[in-house]
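One structure is given below, encoded as C-alpha cells.
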Amino acid sequence: MTEARSVKEVSGRRPRGLAAFLAFAALLMLAGIVVVPLALTALNGFKELGELQSHPFAFPRVWIWQNYWDILSGVRYWQVLGNSLLLAFLTVSMTLVVSAMAAFTFAHLHFFGDRFLLSYVMLGLLFPLATGIIPIFIRIRDLGLLDSYWGVVLPQVAFSLAMSVLLLRTAFKQLPVELLDAAMMDGCGYFRYFFYITLPLSGPILSTVAVISFVESWNGFLLPLVVFNSESRYPWTLGLMAYQGQYTTSWQLVLAFITLTILPAILIFLLAQRYIVAGLTAGAVKA
C-alpha cells in the first residue's frame, strides 16, 4: 500500500486541498488581469462619451451599436488594418527565414568565432528598440526608406532575431543526432537536411516564433510614428489619432477601435495556442 502511494506521488498526480485552491486562485487572478481590461474596453465602446466618463466600470445603460458600425463602415479602419497586416506579414516572413537559417547554422555547424558571433546576436535581447530609435532613424533616412514599409519591417526583423534565434537554436539542437548522422550517410547535405528534415519537424517552435513576431509588429507604435509621414501608410496604432481632436477626444470610438483591431491578434493567438505551448516546452524534459 505504501509502495503504491509512493508510486502515485512520484508519477505526479494533480495537487489537492490547499495546494489546488491556491493554484486555482492564482490562475483566476492572472486570468482576471488579462480578461477584465479587455472586457471593459469592449463594453465601454458601446457607451456614449458622457456615460463613459461618469460610469467607466458599469454596463452600458443604452447599447450604442453605432460606435462599432461607424468604424466598420469607414474606409480608414480597413486601410490601417491592411497596413498592419502587411507589416506583420513581411516581418514574420523575413524573421522566420533569417532566424531559422541562422539558428540551424549555430546549432549544427562549428567554425572559428561561432560562439562570439552567437553572443553578439544575443546582445539584441538587452536593448529594446526605443534605445536605438535615433540611429535607426538616421540609417533609414540615409537608405532612402523613410515613409516606406521596408523602413519599418527591416528594423523590426533585426530586433526580433535575438529571441527567434535563441528559441530555434534550442529546438534544433534537441532533434536526435541520429537523424543527422543517417542523413549524412545517405548523402544528404546540410542544405537538404535543413529543408526536408529540420523544418518539417519544427512546426511548433516555428509557429511560436511567428506568433511572437506577429504580436510585436502588430503592436508597434514608436517605429511607425518615426518612419511614416503619409497617413495612407499608418498602421492601426497610429490610426487611433483620427479620433483625437485638439480639444476633445471621442474615447468611446477609441475604445471601440481598439477592440476591433486587437481581435485579429487574439484570434491568431487562440488558433496557434497549441503550437505555442508545444514550441516553448520543446526540449524542456529529456527522456
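Observations on the model:
- In the range 150-178, the residue that is nearest to Tyr234 (Cα to Cα) out of those that are surrounded by fewer than 18 Cβ atoms within 10 Å (Cβ to Cβ) and not aliphatic (A, V, I, L, M) is Trp150.
- Evaluation of Ile133 against the conditions (1) in contact with a Gly (Cβ under 7 Å, 6 or more places away or on another chain); (2) surrounded by fewer than 18 Cβ atoms within 10 Å (Cβ to Cβ) shows that the sole unmet condition is (1).
- Where helices (runs of 4 or more DSSP H) sit wholly within the range 151-260, those with at least 3 residues that are closer than 26 Å to Arg76 by Cα and either of a type in the set (Lys, Arg) or over 15 Å from the mean Cα position of the chain (by Cα) (or both) occupy 222-227, 236-239.
- Listed here are the helices (runs of 4 or more DSSP H) enclosed by the range 15-92 that have at least 2 residues being open to solvent by less than 70 Å² (accessible area, probe 1.4 Å) and under 19 Å from Thr237 (Cβ atoms): 18-44, 66-72.
- Sole residue being more than 27 Å from Tyr234 (Cβ to Cβ) and either of a type outside the set (Phe, Trp, Tyr) or open to solvent by less than 60 Å² (accessible area, probe 1.4 Å) (or both), chosen from Asp147, Asp181: Asp181
- Test result for Phe116, touching a Leu at 6+ places or on another chain (Cβ under 8 Å), part of a helix (DSSP H, G or I), more than 28 Å from Ile258 (Cα to Cα) and of a type outside the set (Val, Ile, Thr): no
- Arg139 passes every criterion in (1) open to solvent by 70 Å² or more (accessible area, probe 1.4 Å); (2) within 24 Å of the chain's Cα centre (by Cα) apart from (2).
- Complete set of residues in the range 1-22 that are at pLDDT below 85 and aliphatic (A, V, I, L, M): Met1, Ala4, Val7, Val10, Leu18, Ala19, Ala20
- Scan of the range 229-262 for residues that are open to solvent by 70 Å² or more (accessible area, probe 1.4 Å) and at pLDDT 85 or above, ordered by number: Asn229, Glu231, Arg233
- Any pair with Cβ under 7 angstrom, 6 or more apart, that starts in the range 58-69 at a residue that is of a type in the set (A, V, I, L, M) and ends at one that is modelled with pLDDT of 85 or more: Ile64/Phe46; Ile64/Lys47; Ile64/Glu48
The values are calculated or read from the model by the stated rules, or taken from the named source; none is laboratory data. What you see is a predicted model, and the numbers here were worked out from it, not measured in a lab. Cβ: placed from backbone, ideal geometry, glycine included. Neighbour counts: every protein chain shown. These accessible areas exclude ligands, DNA and RNA; they are computed on the full protein's heavy atoms, side chains included. Shrake-Rupley method; radii C 1.70, N 1.55, O 1.52, S 1.80 Å.
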